[in-house]
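In what follows, a single structure is set out as structure tokens and then discussed.
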Amino acid sequence: MQRHFPNTQLVIDKFHVIKHLLDALQQVRKQLKTQYINQETILVKAIRMNNKHTGAILNYWSAAAIFFSKCKMNGRKMN
């Protein structure tokens, strides 16, 4: 650009800086939301599967234990 317009100056305005920051934040928010929904889906499936086999209602800690064992078996990383 300097070659074609030698007297130009680089200008950064607040609007575009904030826009880029908010776009990046939105992208991270969507990734976290997707990750949470996927983890919640695994937990719900584990609860349904256990209820189907035992006919009992799981408490939270039993469901969480099944969830984490499923994540380990599927090779998922828990952050």
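The values are calculated or read from the model by the stated rules, or taken from the named source; none is laboratory data. Only a predicted model underlies this, so the values are computations on that prediction, with no experimental measurement involved. Neighbour counts run over all protein chains shown; Cβ positions are idealised from the backbone, glycine included.
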Could you go through region 43-63 and let me know if any residue there is at negative phi, assigned to a helix (DSSP H, G or I), at pLDDT 70 or above and within 15 Å of the chain's Cα centre (by Cα).
no
Extreme residue, farthest from A64 (Cα to Cα), among residues of region 10-36 that are surrounded by 10 or more Cβ atoms within 10 Å (Cβ to Cβ) and modelled with pLDDT under 85:
Q35
All but one of (1) modelled with pLDDT of 85 or more; (2) in a helix (DSSP H, G or I) hold for N7; which doesn't?
(2)
